[in-house]
Amino acid sequence: MNGGQCIAAVLQRRGVRFLFALCGGHISPILVGCKRAGIRVVDVRNEATAVFAADAVARLTGIPGIAVVTAGPGVTNSVTAIVNARLAQSPLVVLGGATATVLKNRGALQDIDQLALIRSSVKWAARARRLRQLPELLENALWTAQQGVPGPVFVECPADLLYDETVVRQWYAARSTPRPGAGIGERAIASYLRFHLDRQFADAGVLPPPRPAPIAAEPSAAAADRAAARLAQAQRPLLLIGSQALLDVEQVETLRAAADRLAVPVYLSGMARGLLGPRHSLQLRHRRRQALRQADVVVLAGVTCDFRLDYGAHIGKDTCLISVNRSRRDLRLNRRPQIAAEADPARFLCALARRFSAADLRPWRETLALSERGREDEIDEQAAQPAERINPLALCREIEARLPDNAVIVADGGDFIATASYIIWPRGPLSWLDPGVYGTLGVGAGFALGAKLCRPQDEVWALFGDGAFGYGLAEFDTFKRHGVGIVGVVGNDACWSQIAREQVEFLRDDVGCALRYSDYHLAAQALGGRGMTIRQPAEIAPALSAARASAAQGMPVLINALIQRSEFRKGSISM
């Protein structure tokens, strides 16, 4: 087997179904080997999209996503998406092409020190130097990506380890065979190259035994007992569940049952959105800061006291904080909890549910429910306000009303997407994909691609801000080529509104923030998709229905919704 076939064999036996890539001569044998092994190769238009798509697959399946990028610019183009996966704790493997082993640091095409560049962005990185190391490193990469706090890993694959041995020997033939009468220098080079090639291909095609998947850390019984005892005394407890609690996809239904049994009012964030289904009686969405200030016990399950909780300041100073996290660092970041458990959050909550169920919390729940209804009434009032163009809140209300039970929602943008998060209810567990803590724009096309491939029977809705959509527009070509029918909606207010709102107020200048009411639908149509534009509220419902019908036939659709600029999220910018 050549190196590409070795890689394909390892991925195949680990159950990998998709490989995302943008082609390059350095990596061609990997793509061909995977295709012949029955792994679907999905080629995209930007390396970042390949990594974003692999990220989505990892989040939805629990199996590490796989992205393959070519040397040099291919690797550097992928870095933002890799860092996004690192901070989102997504397990994925990035295979990077590289120049031939003997040409390293000699000025070869696209040759840079990729490991020096990438190491700070991944959990682990390595370079193969012999053919037999490729499957060994890949096995280790797949294990490391899932072990402990999951994240991306990187394996550098030099081109002369990927192609057939006969081809590679032909590349070196002229230099490894000295000419008659050659001097000592030429003979030494030839001798070294022959030795190098013999060593490089020794034990080729031997696959190491597969490493079993790592097992998430179980919580200590003592920590669970202490947490249960403290919750039993609470009158105003709150539970915050974050993305990390859903890393173990097989545990999701058990986690949902545990949250039900605990019967503690809960806020869901990131990938945890949708865990309890729409409009669950325990779930809260609004005025979280106010609720945290009033709570006497707060349980953070895979949630960190970072900027989203004002570095811990949102939680009252006299509140008992119970924190569970796979990361020892994140457990105590910015705020030291009274009870800390370094463990998988889902397993901890399940252990807690076996020890505790809430007593009568009706007064507390009624207080929170009253606050929720008050905020919903405010949103209803703002959604009903007339506008020159479409009111973005009204648009989100219409989308919410028409989302099917099997919808997967991809969120990519700033102001429009954050507005949607207040209004649209994910339909079930693992049905909401957003970038995570890094706040990266441009994730939408890759996330939608990965989600639809994983769940071909589900409807994938990609919601874009008009600024964010600029990053992924070309991937409508990818959707069309691969028969991926998604419904895309661009909230087009011709502005980077989340930035402009505060910039204009504080600095009296919108420089760099203005966009146009561009015809994004025509661009999507030119790339093979179907494009529609809507300008008035009456056009929303027919457009959404038509988009769903086209997407069901494998046609990618983009609705360009011309929306009014809004003050709904004034003062919400984070630093």
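Only the coordinates and a few stated rules stand behind these numbers; no lab work does. Remember, it's a predicted structure, so these values are computed and weren't measured experimentally. Virtual Cβ from ideal backbone geometry, glycine too; neighbours counted across all protein chains shown.
Between the C-alpha center of segment 102-154 and that of segment 409-460 there is a gap of 29 Å.
Near the amide H of Trp432, within less than 5 Å, lie the amide hydrogens of Ile409, all on another chain or at least 5 residues away, with H placed in the peptide plane. Packing, as the average of other Cβ atoms within 10 Å across residues, places the peptides 46-56, 347-357 in the order 46-56, 347-357, highest first. Between the helical axis of 540-552 and the longest alpha-carbon principal axis of the chain there is an angle of about 30 degrees. Solvent-free Debye calculation, one equal scatterer per alpha-carbon of segment 179-249: log10 I(q)/I(0) at 0.12, 0.18, 0.21 Å⁻¹ equals -0.66, -0.95, -1.06.
Give the separation of the Cα centroids, segment 354-379 to segment 298-353, in Å. Between the Cα centre of segment 354-379 and that of segment 298-353, the gap is 21 Å.
With the convex hull of its Cα atoms as the shape, segment 384-562 has an orientation-averaged projected area of 10.0 nm². What whole-number distance in Å separates the alpha-carbon centres of segment 501-575 and segment 191-233? So the two Cα centres are separated by 43 Å. Once both axes come from the Cα atoms, what is the angle between helix 444-454 and the longest principal axis of the chain, in degrees from 0 to 90, rounded to 10? Relative to the chain, helix 444-454 is tipped by roughly 80 degrees. Straight Cα distances below 22 angstrom link Lys480 to the lysines Lys35, Lys452, with same-chain residues fewer than 8 positions distant left out.
Look at the dipole of the chain built from charges on Cβ: of Asn2, Ile424, Pro209, the Cα furthest out on the positive end belongs to Pro209.
Think of segment 384-562 as a dipole: +1 on every Lys or Arg Cβ, -1 on every Asp or Glu Cβ, centred on the Cα centre; then among Ala445, Ile499, Phe469, Ala445 lies furthest on the positive end. Residue by residue, segment 500-509 carries 3J(HN,Hα) couplings of 4, 4, 7, 4, 5, 5, 8, 10, 6, 7 Hz when phi is fed to the Karplus relation 6.51 cos²θ - 1.76 cosθ + 1.60 (θ = phi - 60°); x denotes Gly or Pro.
Taking amide H as placed 1.01 Å from N in the peptide plane, Val68 has its amide H under 5 Å from the amide H of Phe20, Ala21, Leu22, Leu95, each at least 5 places away in sequence or on another chain. Given +1 at the Cβ of Lys and Arg, -1 at the Cβ of Asp and Glu and no other charges, the dipole of segment 384-562 around its Cα centre is 520 debye to the nearest 20. Packing, as the average of other Cβ atoms within 10 Å across residues, places the peptides 392-404, 58-70 in the order 58-70, 392-404, highest first.
Each Lys and Arg adds +1 at its Cβ and each Asp and Glu adds -1 at its Cβ; summed about the Cα centre, segment 3-200 shows a dipole of about 260 debye. Under 16 Å of direct C-alpha separation, and excluding same-chain neighbours fewer than eight residues apart, Lys123 reaches these aspartates and glutamates: Asp55, Glu139, Glu156, Asp330.
The charge dipole of the chain, taken about its Cα centre with unit charges on the Cβ atoms of Lys, Arg (+1), Asp and Glu (-1) only, comes to about 1380 debye.
Helix content alone sets the calculated 222 nm mean residue ellipticity of the chain: runs of n ≥ 4 DSSP H residues at -39500 (n - 2.57) each, divided across all residues, give -12500 deg cm²/dmol.
With angles folded into 0 to 90 degrees, how steeply does helix 165-176 sit against the dominant principal axis of the chain? Use alpha carbons for both and round to 10. For helix 165-176, the angle is close to 50 degrees.
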